Structures are given as C-alpha cells and as structure tokens.
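Everything below concerns the one structure shown next.
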Amino acid sequence: QKEMERKEEFRQEKETLEKEVQELKERQLGREELYAKLKEDSKIRWHRDKYKKLLKRFDEYYNKLEQKIADKEQQIVELTKLLEVLN
C-alpha cells in the first residue's frame, strides 16, 4: 500500500518537473533573436554602456535558466530510474 503511494508521489513529481522543464525551454526560444538585437544595439546606440550592462544581465539570466533546466532534467532522470527500480 505505502509502496504504491510512494510510486504515485514519484510519478506526480516527475510530471511536475517535466512541465517545469517545458515551460523553461519555452522561455529560451526567443533567446537568439533578442541576443542579436541587444548585441547590435550595444554597438550603435548612444547608450552603449547601458546596452552592454543589459547584455551581461541577459547572459546571466539565460545561463541560470540553462542550469535550472539541467538540474530539473537530472531530477527527472533520477526519478525515472527510481520508478523503474520500484516496478
């Protein structure tokens, strides 16, 4: 009985993580286009320093986003293995 409950908890956690990963990947989609625009703007605009700072923050945000995706995907792999062992 308890084992079945644990399996169900793990399945639900895995589904939740998969949804979160999908949402995070959707945030990443427009990255290249926006990055190219910011890079171009940082070269030609009057407020070059502001654009460079923005570009740096942009890089930091997406690096953290990639790390978060990798962490969640690793958790999914671990849960998948755990569920396989329990079955």
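Test I69 against the criterion of being out of contact with any helix residue (DSSP H, G or I) (no Cβ under 6 Å at 6 or more places or on another chain) and not basic (K, R), and give yes or no. Taking the combined requirement at face value, the residue does not satisfy it. Identification of helices (runs of 4 or more DSSP H) wholly contained in the chain with 3 or more residues that are within 16 Å of the chain's Cα centre (by Cα) and charged (D, E, K, R) yields 2-28, 48-86.
Comparison of K37, K25 shows that the only residue that is surrounded by 11 or more Cβ atoms within 10 Å (Cβ to Cβ) and either β-branched (V, I, T) or without any contact (Cβ under 8 Å) to a residue 12 or more places away in the chain (or both) is K37.
Rule-based calculations on the coordinates, nothing more; no lab input. All of these numbers come straight from a predicted model, not from anything done at the bench. So basically every Cβ, Gly included, is an ideal-geometry build from the backbone, and we count neighbours across all protein chains shown.
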